[in-house]
1. What list do you get for B:170, A:156 if you sort them by fewest beta carbons within 10 Å?
2. Give the share of C-alpha pairs in each 10 angstrom bin for chain A, from 0 to the last occupied bin, in whole percents, shortest bins first.
3. How many percent of all Cα-Cα pairs in segment B:23-110 sit more than 18 Å apart?
4. In terms of the ratio Rg/(2.2 N^0.38 Å) built on C-alpha atoms, what value belongs to segment B:64-153?
5. In chain B, with Lys and Arg counted as +1 and Asp and Glu as -1 at Cβ, which of these residues, B:346, B:472, B:40, has the Cα nearest the positive end of the dipole, that is, farthest along it?
6. Fully extended, how many nm does the chain gain between residue B:135 and residue B:484 (0.36 nm per residue separation, minus their Cα-Cα distance)?
7. Which whole number gives the average count of other chain Cβ atoms within 10 Å of the Cβ atoms across peptide B:32-41?
8. Among A:106, A:58, B:259, whose Cα lies farthest out toward the positive end of the dipole of the protein assembly as shown, if unit charges sit on the beta carbon of Lys, Arg (+1) and Asp, Glu (-1)?
Amino acid sequence: MKSLFFTAILCFITATSIAQQADKIPSADVNKLDGTSFNTADIKNDGKPIIINFWATWCSPCKRELNNIAEMYEMWQEETGVKLVAMSIDDARNMAKVAPYVNGKGWEYDVYIDPNGDFKRAMGVNNVPHTFLVDGEGNIVWQHNSYVEGDEYELFELVKKLSEGEKID
Amino acid sequence: MSKKCHFWTLLFILFITSINANAQQFEEMMSRGQIKGNFQFESQFYREDTIIGAEEVPERIRSNSFLNLIYSNGGFSAGMRYESYLPPLLGYPEGYQGNGIMYRFASYQKDDLSITVGNFYEQFGTGLVLRTYEERGLGYDNALDGVRLKYKVYDGIRLTALTGRQRIFFDYGEGIVRGFDADINLNETFSDFFEGSKTRILLGGSAVSKYQADRNSQFVLPENVATFGGRASITRGRFNFYAEYAYKVNDPSADNEFIYKPGEALLLQGTYSQKGLGILVSAKRNDNMSFRSDRTEGEQNLLINYMPALTKQHTYNLLATLYPYATQLNGEVAFQADLIYKFDKGTILGGDRGMDIQVNYSTANNIDTTHLNDEFTFRQGYKSSYFSVGEVYFKDFNVQLTKRFSSKVKGIFTYANLVYNQDIIEGKPGAPTVYADIAIADITYRLDMRNALRGEFQHLSTEQDQGDWATLLVEYTYAPHWFIAIQDQYNYGNSEKEKQTLL
């Protein structure tokens, strides 16, 4: 019995060490703005980088961040082909406000709503804003929690590195 | 006991053998697997302050911490969360005492079928009949522990069936919850019919029932209580209309003082949006719609459903923390309108760099009730009409302007007028209704790409409750990662002089 238990632990360690090689976007069902279902495993961008940003309509640093990026998003896209996925964690109380807010602000992002927190949990997000960077192969290579003015410049430097095929440590 | 042990040993040997037999397959399988985890630790140190009524905390230091782990491999995933409250931070529900794993699950998804055992969070529609949800920051967690099946029967048709018991702190409630939901996307199911149509229709229906034994000596209580819900979402171009209705059979509980009246809730929502303009109008009426898996519970405990508050969720400190509103489960009629508009660059109000305006108005009133005599109505309690409302619970009118003055300076200006019924919302009988005006300026000055200064100037004026307040916040940030902030909240208008302190 003892040795069997030991085997089980070994399996576990193998899994852990391998995990670091490939950290893919997990699969979870979220909503599109029209209420239809979308699986997050289908987040793709033709081999170009993807930013996944968790936010909410009631979170002021989140809105500051996404509004600041919105002013430069067109330029970012032209230069690197990056795509920003704005994943709202607004729940039943506020989810109807997401589409009017996004359109009212004129955001050009891909916006989804995760009202029950399934994708949030799968990505290990505790609070917003939380930003992830995904490389052209679909690996999550970087993440950052919270926002201070100017963080977007660091983010864009990393996006540029990825679009030029460089690795991020 | 020993038989059981043999069974597991055998199963385990079989498992290991099958793995060894397919070593190559196993290696391939493991290479696709991944473990994700995160850890959060929060601790606070407390000091007594007799003036503001902050009592001495005997432990002096309190902390909350969480560790999340999720393993996933193809369609299989399993995870857990270890939680520790030694003891919980002040303001957190005191029921969380100690350590333990109260969230663990395994789930498997293949093709159109998904099975979850253990803990899970689920929501039917907006949650009027069922929503299990977690909000770690507030200590809200009513996860079910049981089994859930999801099956995509046909294009656009998804069925969900579940059963379980709900979490309450480090225990489970005694009631058993069973639920079924069907969700139909007509455009996918009848794709030929809807081909080329601009209209998109989603329909849904659910049934949820709870069982709790009757041990009450005074009343004969229903042990099984069912709720039914129906919903429709219609989108055409830039318009969306959403309606949801829920009905609950008689459910005498501590919330409704053990009356046998059925409950109901109706939610209507319309939105229109295009680039630079967003409009939302919503209305809700809920009557005797608290639904818990233990009829004797109160507060936020063991709620099976969720009644969203139709009020704006504010973020600034004086607006968000002093007079926040939450749905009154026993009865409420609420309305909300929200408008967001972008004045383009070059227009009179837009100026050189454009300006955004957001206007929000919401109200919540009691339902209008007429008391009924219990002897003749089998404890129906009261009757109420859809066409009138009772006393005011809450009102909020607020306007927010966002304006960039230059490449370096940006400002957000907010004004709000609140009406807040303390008596009902805080359960303080006889306390006067609060009328408050709040003004906030939030200005950011970017020194360069890395350095920025931000100031928040907030003022709240009211004749009632604790009088006037002011908050000042100054924040310096050095991107990425660093910030230093000083915040002060001053209740300078308090009628009791000694409470006019800087916090």
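1. Working: B:170 15, A:156 18.
So the ranking, lowest neighbour count to highest, is B:170, A:156.
2. P(r) over chain A, rounded to whole percents: 9, 37, 34, 12, 6, 2, 0.
3. Working: 2272 of 3828 pairs.
Everything past 18 Å amounts to 59 percent.
4. Details: Rg = 15.0 Å, N = 90, 2.2 N^0.38 = 12.2 Å.
Expressed relative to 2.2 N^0.38 Å, the Cα Rg reads 1.23.
5. Checked the options; the winner is B:346.
6. Details: separation 349, 0.36 × 349 = 125.64 nm, distance 2.69 nm.
Difference between extended and current length: 123.0 nm.
7. On the way: counts 4, 7, 11, 8, 8, 3, 6, 2, 4, 0.
Mean number of neighbouring Cβ atoms from other chains: 5.
8. Comparing the listed Cα positions along the dipole, A:106 ranks first.
Each reported figure results from applying straightforward, stated rules to the coordinates on display, with no laboratory input. For clarity, every value in this text was computed on a predicted model and none was experimentally measured. Quick reminder, even Gly has a Cβ in these numbers, built from the backbone with ideal geometry, and neighbours come from all protein chains shown.
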